[in-house]
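This report concerns only the one structure given below.
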Amino acid sequence: MSEQHQARKRFGQNFLSDPNIIRKIIDAIRPAAGDRMVEIGPGLGAMTEPLMVRLGHLHVVEIDRDLIARLKAAHPPATLTIHEGDALKFDFGSLVADGAPLRVVGNLPYNISTPILFHLADFADRVKDMTFMLQKEVVMRMVGAPGTEEYGRLSVMLQYRFNMARLFDVPPGAFRPAPKVMSSIVRLVPRPASECAADDYALLGKVVTAAFGQRRKTLRNTLRDYLDEADFAAVGIDPGLRGERLTVDDFVRIANHVARRPPAAGRSGG
Ligand code: SAM
């Protein structure tokens, strides 16, 4: 890829350029021949090429037409299948129509990190694992524990679907151009369906959003549309707590209580 590519801010383009870091990330992914894998945002191919060598074939989803043209010129479809377009709208399920689980990787564009994680969570039942580079601050929120500052909606909604681990950090100098922030590699492995026990995932999302909407307020206030004092007693949760104190299981218990309880006059939530 000889001609210089001008990095586009609007596509969150920071290209990996440190060969040691690239090797470390590929080793962390542990690609094995025959794995079905898709890379989000291959860019100039820093991870794409070593992945293709190990796998034999790779899918990529890329939005930038210039980069797509480069990738097409450099790699035949037998080794690289290029899906042109927005990963936020991409149907990852279409890659696993025959049931083989999908591995998802990428140095994700940081400007769409939260929406892409929520989009991918919808395919958790068809995914084997996902390994991403993201802003360190986002990764800390993903893996944050109850009671910490980082713990919030992103933590609960992703921890509901995935076991996650922060693997290592990557400094700005590993990229061209260098981003302003530190990055981290994170691995997400879907939890068994039996552990994801919310009757109504959308309702769980609403309850969690309400609980963290005003972080300094107690659950009695933030969840007033969903729970009254008797409901709090029934689920065994102190209404004087703040949302950040609740575990993922607590939120599931609340959402299921709301989903299962008979409708009552004058109640707006549920
Ligand atoms: N993987 C390359 C690397 O590590 O050097 C590039 C990483 S760069 C941070 C993000 C990549 O995602 C860019 O190639 C960018 O064009 C692409 N991208 C940005 N927004 C996208 C979207 N909505 N859908 C698909 N690709 C996107």
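If you check R10 against the conditions, is it outside any loop (DSSP other than H, G, I, E, B), near the ligand (Cβ under 9 Å from one of its atoms) and of a type outside the set (S, T, N, Q)? Lay out the reasoning, then the answer.
Working: outside any loop (DSSP other than H, G, I, E, B): yes; near the ligand (Cβ under 9 Å from one of its atoms): yes; of a type outside the set (S, T, N, Q): yes.
Answer is yes for this residue.
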Query raised in the report: If you scan region 212-226, which residues turn out to be touching a residue at least 40 places away in the same chain (Cβ under 8 Å) and crowded, with 17+ Cβ neighbours inside 10 Å?
Result: F212, L223, Y226
Report task. Say whether the condition of being at pLDDT below 95 and hydrophobic (A, V, I, L, M, F, W, C) is met by at least one residue in region 152-160. Result -> no
Report summary line: Within region 103-115, residues open to solvent by less than 60 Å² (accessible area, probe 1.4 Å) and of a type outside the set (S, T, Y) come out as R103, V104, V105, G106, N107, L108, P109, I112
Query raised in the report: Is it true that L203 is more than 19 Å from the chain's Cα centre (by Cα), more than 16 Å from the ligand (Cβ to nearest atom) and open to solvent by less than 50 Å² (accessible area, probe 1.4 Å)?
Result: yes
Requested in this report: For region 10-27, name all the residues that are in contact (Cβ under 8 Å) with a residue 24 or more places away in the chain and exposed (fewer than 14 other Cβ atoms within 10 Å of the Cβ).
Outcome: R10, R23
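In region 91-102, what residues are touching a helix residue (DSSP H, G or I) at 6+ places or on another chain (Cβ under 8 Å) and either buried (at least 19 other Cβ atoms within 10 Å of the Cβ) or among the polar types (S, T, N, Q) (or both)?
Within region 91-102, F92, L102 qualify.
Just to check your reading of the model, which residue among V138, V156 is touching a residue at least 24 places away in the same chain (Cβ under 8 Å), in a helix (DSSP H, G or I) and closer than 20 Å to N256 by Cβ? Write out each step before concluding.
Values: V138 fails: closer than 20 Å to N256 by Cβ.
Going through V138, V156 in turn, the sole match is V156.
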Query raised in the report: Mind checking which residues of region 93-129 are within 12 Å of the ligand (Cβ to nearest atom), in contact with a strand residue (DSSP E or B) (Cβ under 9 Å, 6 or more places away or on another chain) and over 18 Å from I29 (Cβ atoms)?
Result: P109, Y110, S113
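So which residues in region 142-177 are of a type in the set (D, E, K, R) and crowded, with 20+ Cβ neighbours inside 10 Å, if there are any at all?
Answer for region 142-177, where residues must be of a type in the set (D, E, K, R) and crowded, with 20+ Cβ neighbours inside 10 Å: just R161.
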Query raised in the report: Name the pairs: first residue in region 32-43 and more than 7 Å from the ligand (Cβ to nearest atom), second residue at pLDDT below 95 and part of a loop (DSSP other than H, G, I, E, B), Cβ to Cβ under 6 Å, at least 6 apart or on different chains?
Result: R36/A100
**Report entry** Among residues of region 13-36, those that are more than 25 Å from G85 (Cα to Cα), of a type in the set (D, E) and part of a loop (DSSP other than H, G, I, E, B), counted
**Finding:** 1
Requested in this report: Determine which member of the set A165, A210 is part of a helix (DSSP H, G or I) and of a type in the set (A, V, I, L, M, F, W, C).
Outcome: A210
Report summary line: Log entry, pairs with first residue in region 71-89 being among the acidic types (D, E), second being within 14 Å of the ligand (Cβ to nearest atom), beta carbons closer than 9 Å, six or more apart or on different chains, reads E84/V61; E84/E62; E84/I63; E84/R65; E84/I68; D86/V61; D86/I63; D86/I112
Query raised in the report: Just wondering, is there one or more residues in region 252-265 that are surrounded by 14 or more Cβ atoms within 10 Å (Cβ to Cβ) and out of contact with any helix residue (DSSP H, G or I) (no Cβ under 8 Å at 6 or more places or on another chain)?
Result: yes
Report summary line: For region 90-105 the number of residues that are free of Cβ contacts under 8 Å to residues at least 12 places away in the same chain and either under 15 Å from E39 (Cβ atoms) or not in a helix (DSSP H, G or I) (or both) is 4
Query raised in the report: Which number in (1) at positive phi; (2) touching a Gly at 6+ places or on another chain (Cβ under 9 Å) marks the one condition that A210 misses?
Result: (1)
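The values are calculated or read from the model by the stated rules, or taken from the named source; none is laboratory data. Values in this document were obtained by computation on a predicted structure and should not be read as measured data. No Cβ is skipped: glycine too gets one built from the backbone with ideal geometry, and neighbour counts run over all protein chains shown. The area values use the complete protein model at the heavy-atom level, side chains included, leaving out ligands, DNA and RNA. Shrake-Rupley method; radii C 1.70, N 1.55, O 1.52, S 1.80 Å.
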